[in-house]
Every structure is written in structure tokens, then in C-alpha cells.
Ligand SMILES: Nc1ncnc2c1ncn2[C@@H]1O[C@H](COP(=O)(O)OP(=O)(O)O)[C@@H](O)[C@H]1O
Ligand SMILES: [Mg+2]
């Protein structure tokens, strides 16, 4: 079977700083892969490379057996198939929730306004935000904002979803409502790459967990094996530190 | 810090009934406020009093009063000046849309990242550098005397036209810088959010960046507009009979400077409320943005 997404020896540097030093992974359709690693290990950069927010220096990003990272290829049609949710939500503060959700479908896909808004309302209903359609982002709690951000990505019906530490900016009591949405997405069969500091969540939701270290995937295993008997010394040290800091 | 905005607790009516309910802190702040108000009033009275008493004692005061503050001449020339001021308002009104439009285009040109459009970027940079670097009055003189010298026919030799063009050139450069600062103040994450949804770079500019940028720069933009309103008077140098020119004519007729004072009054009646309004907008914007979390 063809993988949904392949990264083949992806390399990326900022100036002389090598951030991704040959990352390769095959992600199957409907698979959920979690990425963990120290701060600054390149997790965000990896996700940004997948939807071409950062051009990669070398290697390939392949979706459905098509290399999307060929330099010069138009990127907008590719990006609309790959959704991304950010740590800081990145909602548009000058638009209400409904506009946030319907902007891209209308402008990019050419969907009519009424159709885009209907889809948006359905999505909001599904994520428990049915009554917040007219609110502006700064009138919402962090958890609600992040759920709106997820809904905004889903409004484009992406085939792959990239989640970059989507609960890191939230108060602890708001984390649950956002993770519930991710659980629901997994239930619906969404292919996802998830960067997270929530080890318990990674263990619960991921089909595979990757440990990113010095620009490479130092360890990749199913969650049970990853957390109970990691092979790489670095992974063990990382998990040890996470446990000591009380996050797992 | 003393708070000059009266809170609910220091309105006269509420104090008597609420005396007991004031916290120690509120009592203290109330005393402080009274004290600063007293000091401010006293020092103002002293300064104003000194001016009123001592200025008339100066040897030249009588002459100055006659040639700058002649009540009769003021009343005589005021309606003429008001009529002429309509010209200023007209020049202001038709120049403003062009200034805003060209300013915004220049700001967007300066932010284009496509290499093919690099010449646009260069052009915008040169344009703003040149017209911001030359005094407005020089731009007006050069355009106002230079272009009609080409021997154009009516109406293309009108000083109104070329005076306005000069103002548009100068002010669109100022306004472009204001818009550019606004565009650059929108955080990069907004661009990432928009691009990740598949919006193109121009769609991102149009629907996400520019609307936020414009909102943020409304106060400085209005400051520029207040300046423009005053600088319209500079076109008097190339011919149009607007308020400053009319005041000059009256001054020569009466050999008295009172018309200039009258013109100043007309400007102030307009610009003081405007600047106060801009201050109020700025303060509100600051309260609003410092009250919400950094995104
Ligand atoms: N746009 C950029 N320009 C320069 N350096 C960057 C940029 N983005 C990220 N980096 C650097 O790349 C490294 C990895 O960053 P990032 O991918 O954000 O790590 P993580 O998400 O794992 O914390 C960091 O050292 C960071 O400073
Ligand atoms: Mg990161």
C-alpha cells in the first residue's frame, strides 16, 4: 500500500544551523504519529516543512506518491490539502469565528458564502462551539480559541493534519477539551502528525512515537514500546527528564 | 500615579452617602487628588495672572494689540476668510482619497516578496525616500511652477491641480510609511496561519494583513491628515486664493496683522478637536491592546 505521506531524507538549515539532518518516515493513511523531543530539536520546523511553510533544502516530501517538494511547484494547492494548527492558535482577530472558518473555503475553494457558513456552523456544532459563531477570538477562552483553530483547518477538508503543541499555551484545565477534539479526529480516521509535550496523550493517541534529536529521528516505535523500553540512550534520558519534571 | 479620570467613588453625589464605605486606600487617593488639583489650579492662576498683568506693561504692547488684535478688522475679514477656507477644505477633500490609495499601494509594493516584482519595491522605496526627504513647500514650488511651465492648456495649467498633485505626492509618501509600519506590525504567525489554509500571498495580504494593519494605524494616519489640513495653506504660494492668501490680501489692504490671527482661529477651531479625538483614539487603542494577551 502507498503511504499517505513520506518524508525522504529531509534536510533543512537556517544559515549554518542544521535543524533537520536527514529525516525519513512513512506515514500510512489514517495513521497518527507523535513527535517528541527537547525544545529546539526541530519539531516545529519538521511540521512546517511538511506543508511547505518552510522550503526544504534537500530530500523529498511525498503525498500520495507525488513529490510536492519539487522546487518551483506552486505551493498553495498543496497546502490546502494539509491543515496545520499552531501553538498560538493564529486565529484572525479582526474576524468573528464564522468568518475565520469560512474565509479560506470561500477564497481558495470558491465555495459560496452561504455554503461555507453552513459547513462552518456544522463544524462548530460538532466541536461544541455552536453558540460561539458570532464571537471574536479575544472573547473566547484559550481552549475555545484552539478548538476554533482546529475547526478552521477542518473547514478545508484536509487530508493530513499537523498539530504543533496545540495545548502548550493553554491553562491546564483547558487542555482536556482540546485533546477530546483530537481523539474524535482520530476516531474519524484523520491522518495526523502531532508534536506534543503531553506524553500521556502521545501514548494514548499515537500509533507511533518518534523522538527527534539533533535533527534526526533517534527513536521510532509504537507507544507502548517507546515509553516502556526505549532502545536509544538519548530517548531514555529525555523520558527521564520528562518524568522528573512531573509531566508524565 | 494619579488617575485623572474620575472613578465612580469620587463623584460629589456619591461621597456623602458612601463616606463610611470608602476603603483606607480610597480615602488616601481622594486626599491626594484634592491636593494635586489645588496645586494645579493655584499654579495656573499665578502664571495666567502674571501674563495678564505684565504683558500689557511691556513698552510695545499697545502697538501689538492694535496691529494683531483689532476687533473691528477681525469681524470684517472673518467671513471672507471663512469663504476662502472652503477652498482649503476642497483641496483637502479631493487629495485625501488619492493619498490613502497611493500610500497603501506603495506600502504593499514595499512588502512584495516576489523577486519578479523587485522593481516595484525599488520604485516604492525611491518614491518614499524622495518625497519624505524634501520639504512639502519645496515640492509644491517645484511642481506648481515647474509643470505649468510646460505650456499646458487650461485646465491643465491650474495651480489648484498642481498644488493638489504636489500635496498628494508628499503626503502619499508619509502615509505609505504609516501603512508600512502597520503591515510590519502584524505578527508573522498571522501570515503562517493564512498560508497554511492555502490562501495565496496576495489573498493573505488583502484579507488578513491589511485589515489588521489599517486598524492599528488609524491614529497616526489621522495625525497626518491633521497636518495635511494645515499644509494645504502652502499651496497659496503658487496662486490659489485660499485662506492664507486671503489673509495676506486683507493684511495688505488694512496694513494690519489681525486677519492672520483670524485665520489661525479658524484653523484651531478645526484642528484642536481633531487632535483631541486622535489622542482619545490612541489612548483607547493602547488600553485595548495592553488588555489582551499577546498573540
Ligand atoms: N525561521 C527561523 N530562522 C532561524 N532559525 C530558526 C527559524 N525557525 C527555527 N529556527 C531554529 O531552529 C531550531 C529548531 O526550532 P523549532 O523547529 O522551532 O524547534 P522545536 O519546535 O522542536 O522547539 C531552533 O534552534 C530555532 O532557533
Ligand atoms: Mg516548536
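Here, each number is a calculation from the coordinates, and none is a lab measurement. Predicted model only: the values in this text are computed from it and were never measured. Here the Cβ is made from the backbone with ideal geometry for all residues, glycine too, and neighbour counts use every protein chain on show.
Quick one: compute the contact order of chain B, relative version, from alpha carbon pairs under 8 angstrom and 6+ residues apart, as a percent.
The value is 24 percent.
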- Task: Please give the average number of partner chain Cβ atoms lying within 10 Å of the Cβ of each residue in A:87-99, rounded to a whole number.
- Result: 4
- Task: Using the number of other C-beta atoms within 10 angstrom as an exposure proxy, rank A:63, A:209, B:226, B:47 with the fewest first.
- Result: B:47, B:226, A:63, A:209
- Note on the structure: Everything considered on the Cα gyration tensor (a ≥ b ≥ c; rounded for a/c under 1.5, else prolate if a/b is larger than b/c, else oblate), chain A must be described as oblate
- Given chain A, what percent of its DSSP beta bridges are antiparallel, to the nearest 5? 55
- Task: Figure the gain on full extension for residue B:150 and residue B:55 (residue separation times 0.36 nm, minus the Cα-Cα span) and round it to one decimal in nm.
- Result: 29.0 nm
- Three-way shape call for the range A:76-154 based on the alpha-carbon gyration tensor, with the a/c threshold at 1.5: oblate
- Contact order normalised by residue count of chain A, Cα under 8 Å, 6+ apart, percent: 25
- Message: With the cut-off at 1.5 for a/c, could you classify the range B:76-289 from its C-alpha gyration tensor as rounded, prolate or oblate?
- Response: oblate
- Whole Å is fine, so just give me how far the alpha carbon centre of the range B:119-198 lies from that of the range B:21-73. 43
- Which percent, nearest 5, of DSSP beta bridges in the protein assembly as shown are antiparallel? 55
- Is it possible to state the helix-based mean residue ellipticity at 222 nm for chain B, with each DSSP H run of 4+ residues giving -39500 (n - 2.57), the sum divided by total residues, to the nearest 500 deg cm²/dmol? What is it? -25500 deg cm²/dmol
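When DSSP beta bridges are limited to those with both residues in the range A:106-234, what percentage is antiparallel, rounded to the nearest 5?
Bridges in the range A:106-234 that DSSP calls antiparallel: roughly 50 percent.
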- Message: Between B:190, B:26, B:229, where does the largest GNM mean-square fluctuation fall for chain B, given springs only between Cα atoms within less than 10 Å?
- Response: B:26
- Have a look at B:217, B:265, B:55 and tell me which one the Gaussian network model of chain B (Cα, springs below 10 Å) gives the largest fluctuation. B:55
- Query: Taking every residue in B:198-207, how many Cβ atoms of other protein chains lie within 10 Å of its Cβ, on average?
  - Reply: 5
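Counting other beta carbons within 10 Å of each residue's own, what order do A:198, A:125 fall into, fewest first?
If I rank by nearby Cβ atoms, fewest first, I get A:125, A:198.
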- Counting other C-beta atoms within 10 Å, which of A:53, A:103, B:57 has the fewest, and how do the rest follow? B:57, A:53, A:103
- Query: Over the Cα atoms of the range A:123-248, what Rg and Dmax result, in angstrom?
  - Reply: 16.2, 51
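Using a Förster distance of 56 angstrom, determine the FRET efficiency expected from the C-beta separation of residue A:135 and residue B:45, and round it to 0.05.
0.60
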- Anyone know which of B:206, B:180, B:121 comes out most mobile in the 10 Å Cα GNM of chain B? B:206
- In this structure, the FRET efficiency calculated for residue A:24 and residue B:277 from their beta-carbon separation, with R0 = 60 Å, to the nearest 0.05, is 0.50
- Full extension between residue B:69 and residue B:24 adds, at 0.36 nm per residue less the Cα distance, a length in nm of 10.9 nm
- Query: Can you give the helix-only mean residue ellipticity at 222 nm for chain A, where every DSSP H stretch with n ≥ 4 adds -39500 (n - 2.57) and the sum goes over all residues, rounded to the nearest 500 deg cm²/dmol?
  - Reply: -11000 deg cm²/dmol
